[in-house]
1. Roughly how many debye, to the nearest 20, is the charge dipole of the chain about its Cα centre, given +1 on each Lys and Arg Cβ, -1 on each Asp and Glu Cβ, and no other charges?
2. List the aspartates and glutamates whose alpha-carbon lies under 12 Å from that of Lys63, not counting same-chain residues fewer than 8 positions away?
3. Anything in the chain that counts as a DSSP H helix reaching 18 Å or more along its axis (C-alpha) with Kyte-Doolittle mean of at least -1.0? List them, would you?
4. Please identify every one of the trypsin sites (Lys or Arg not before Pro) in the stretch 335-387 that sits in a loop by DSSP and has no more than 16 other beta carbons within 10 Å of its own beta carbon.
5. On a straight-distance basis, which aspartates and glutamates could pair with Lys443 in a cross-link, Cα separation under 18 angstrom, same-chain partners fewer than 8 positions away excluded?
6. Pick out, in residue order, every one of the trypsin sites (Lys or Arg not before Pro) in the stretch 65-139 that is DSSP loop and has at most 16 other C-beta atoms within 10 Å; say none if there are none.
7. Show which aspartates and glutamates lie in cross-link reach of Lys108 when reach means a straight Cα distance below 18 angstrom and same-chain residues fewer than eight apart are skipped.
8. What spacing in nm lies between the two simple spin-label points modelled at Trp273 and Met248, each 7 Å away from Cα in the Cβ direction?
Amino acid sequence: MKRYLSLFLALILCLSLLTVALGDGDEESGGQSECQHEWKVDTTKSKAATCESPGLKAEYCDKCQITRESEIPALGHSWGKWMANSDGETHSHTCGVCKKTDKANHVKGETWEKDEENHWKKCSECGAEFEKAAHTFDKTKWEKDNAKHWQVCTVCGYSTKDTKAENHKWDSGKVTKAATCVTQGVKTYTCTVCGATKTETIPLTEHSWDGGKTTIAPTITEKGESTFKCIVCGKVATREIAPLGLSMTPEELLTVQNMTGNALGGRLDDEKWVILQGVATEEEYARIQGGWPITVTLKVTDITNTVGEELTEEVQNAAGKQKIYCFLKMELSKELYQDPPIPVTGTTEPIILSLTLPEEIQEATSKRKERGFTVYRIDGDQAEKVAAQLSEDGQSLRLQTNTFGTYALTYHDTSTGSFDPMLLLYGAVGLVTLGGIGFLVYKLFIAPRREGYNEDDE
Ligand SMILES: [Zn+2]
Ligand SMILES: [Zn+2]
Ligand SMILES: [Zn+2]
Ligand SMILES: [Zn+2]
Ligand SMILES: [Zn+2]
Ligand SMILES: [Zn+2]
């Protein structure tokens, strides 16, 4: 019955459409009037859609009694938010319209969520948290920059750089490259926590100067100069030596040296300034005044056995009765600071020398004789007397000479010409006595006879 009804309705619909088509054709060809539908919802037939089921919209036109229907699609659920369930595995959501509830497993994210303390994973639907734990830090692994060090969670990669970074803790440092006078050194500091390093430049060291040499000797008034060399880099530097000033006099700068073992103990026996002026040239004296030391040395050698007969004869001729005791070679030399010794054959002024007389020749052969000594200077074959003076004790001889070379020492004894006052007294007394006796003899014996003669003559 229902099927027939449908068929019938379909037939009516076809007819009405055909009518409309024909009507249109009629309108063109003089036409008939058409229904202006006024649709009204058929509330008895219509049905509202639900979340899951479609609804129906039924309408009819009052004017022509035509009806029509259209389906209203299902509304679909109006799900609320997913909410985690207490089972820790699932979450549920509920439709706000029909209150239907759906349950599903959490959708775990692959990435870690994190804050300063912890890391965890999250359900992308309901936000439930899983595997929440504090960050894990490896105390041996540090991230660092020039100033600070920090750590990274080995699980989630969380970095404490922005929250807990600390300044490096530098140790006291090690010299990793020593500085020299030519190249700077390097000192390396290490962070005792993370092992970071930083370096510091060590400045150049001072040069390592050697002991230095006096390259310009200072004088009393002029400064000198020392030259130093760095034993590392070879750099050369000079340093002034202050002028000596007048702290030392030329006399103080003179050293008189008599050779030990000099024959007859020969020695220079004069004032230092006399010796100095005698031996030094003007130029040398200026240097000595400028502070250069000088040494004057006297060497006396007994050459008696080597002079030869000829010279001995010459001297003996000059010396006459005097006996030659010995021949001496006297050598004088001067040694100025840093110069080699120079022999001095002559001095500008005579210098006094002393000779010690051996005991064997100090005394004369008789007490009534006196011993005299003479010194001859021998120049070629000429023997010339030199002024010499015997000391009061008769043990040494001082001679003055300005020529150094070969000398001869002679001596001879002479009778003492001394006059004894007692002898004079005895003589006078003797003479007076003799005179008195003579007078008496004359008066007593000679005079009376002469008077007799006179008487006879007269
Ligand atoms: Zn209608
Ligand atoms: Zn629903
Ligand atoms: Zn969830
Ligand atoms: Zn972490
Ligand atoms: Zn560090
Ligand atoms: Zn150097």
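Throughout, read-outs are computed from the coordinates displayed, never taken from laboratory work. It should be emphasised that the depicted structure is a prediction, and the values quoted were computed from it without experimental measurement. Here the Cβ is made from the backbone with ideal geometry for all residues, glycine too, and neighbour counts use every protein chain on show.
1. 3080 debye
2. Glu34, Glu38
3. Going by DSSP H runs, the hits are 2-28, 421-441.
4. Of the trypsin sites (Lys or Arg not before Pro), the ones in loops of the stretch 335-387 whose Cβ has at most 16 other Cβ atoms within 10 Å are Lys367, Arg368.
5. Glu451, Glu455
6. Passing both the DSSP loop test and the Cβ count: Lys81, Lys99, Lys100, Lys139.
7. By straight Cα distance, Lys108 reaches Asp87, Glu89, Glu125, Glu129, Glu131.
8. According to this spin-label approximation, the distance is 1.9 nm.
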